[in-house]
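Structure first, commentary second.
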Amino acid sequence: MKKMMIKITAILFMFSFIFVLLNIRFRTDLFLSLAITFCTALYHFSMRLFVGTFCQKFVEPRLNCNSKWFKPLKFEKKLYKILKVKKWKSKAPTYSPESFSLKSNSTENIIKTMCGAEVVHEIIIVFSFLPLLASEWLDSAVEFLIMVVICRNAVAFRKSRFYRLFAKLFFTNTILHYSH
């Protein structure tokens, strides 16, 4: 998944560059729409790569998985049943599946990684809407809104499952010590 994300980002950069140049040269609605589409998709892929890398290096090692932030909220269990998350969650793409493998990681590290992934998703949710700020400048709110909706990443639905695992393994409010 990592290599694919980087390749897609490189391809998006290339198409963004081409359509921005074509729009500057010919000033047509088609080239403007394509430039917006590819630049917005490029933003979303680049932002996800940056946020994930930043959080893995600087945020995840300092996380307290006992924090109230990581406990499932009352409505989440019901929401997960409505959305039938158990049926499709194993099919959802994972950026780094090896980070969640019980064969190569301790349970403690997997829990820490899951907490880190949750933080990444929360940050991505906020950053996903930033391209809408450019819509007024470019007078293209429709294109930006469509791309934000398409590129918007779903919130991770792992929280409930990993918190139950966490509660079983660590009955007290001890802070996990992270070692990589």
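The values are calculated or read from the model by the stated rules, or taken from the named source; none is laboratory data. Keep in mind that this is a model prediction, so the values were computed, not measured. Quick reminder, even Gly has a Cβ in these numbers, built from the backbone with ideal geometry, and neighbours come from all protein chains shown.
Is there a residue being closer than 24 Å to K68 by Cα, among the aliphatic types (A, V, I, L, M), exposed (fewer than 12 other Cβ atoms within 10 Å of the Cβ) and at pLDDT 65 or above anywhere in the stretch 106-123? No: the stretch 106-123 contains no residue that is closer than 24 Å to K68 by Cα, among the aliphatic types (A, V, I, L, M), exposed (fewer than 12 other Cβ atoms within 10 Å of the Cβ) and at pLDDT 65 or above.
If only residues of the stretch 40-68 that are modelled with pLDDT under 90 and closer than 14 Å to F13 by Cα are counted, the one that is surrounded by the fewest Cβ atoms within 10 Å (Cβ to Cβ) is A41.
Just one residue in the set K91, K87 is surrounded by fewer than 10 Cβ atoms within 10 Å (Cβ to Cβ), basic (K, R) and under 24 Å from R48 (Cβ atoms); that residue is K91. Being of a type outside the set (D, E), modelled with pLDDT under 90 and more than 25 Å from E108 (Cα to Cα) narrows it down to one of I24, I36, I11, so name that one. Selected residue: I36, the only one of I24, I36, I11 that is of a type outside the set (D, E), modelled with pLDDT under 90 and more than 25 Å from E108 (Cα to Cα).
For F15, the test of being buried (at least 16 other Cβ atoms within 10 Å of the Cβ), hydrophobic (A, V, I, L, M, F, W, C) and closer than 21 Å to S128 by Cα is passed. Kindly indicate whether L34 is farther than 19 Å from M5 by Cβ, buried (at least 19 other Cβ atoms within 10 Å of the Cβ) and free of Cβ contacts under 8 Å to residues at least 24 places away in the same chain. When the stated conditions are applied, L34 passes them.
Checked against (1) at pLDDT 80 or above; (2) in contact with a Ser or Thr (Cβ under 6 Å, 6 or more places away or on another chain), A141 meets all criteria but (1). Name the residue that is farthest from the chain's Cα centre (by Cα), counting only residues in the stretch 61-101 that are in contact (Cβ under 8 Å) with a residue 60 or more places away in the chain and farther than 20 Å from I111 by Cβ. Selected residue: L83.
For residues that are part of a loop (DSSP other than H, G, I, E, B) and not basic (K, R), scanning just the stretch 69-79, find the one that is surrounded by the most Cβ atoms within 10 Å (Cβ to Cβ).
To start, the set of residues in the stretch 69-79 that are part of a loop (DSSP other than H, G, I, E, B) comprises 71-75.
Checking the rest, the ones that are also not basic (K, R) come to 72-73, 75.
On the way: P72: 15, L73: 9, F75: 8.
The qualifying residue surrounded by the most Cβ atoms within 10 Å (Cβ to Cβ) is P72.
Residues being over 28 Å from P131 (Cβ atoms), of a type in the set (D, E, K, R) and not in a helix (DSSP H, G or I) are entirely absent from the stretch 60-68.
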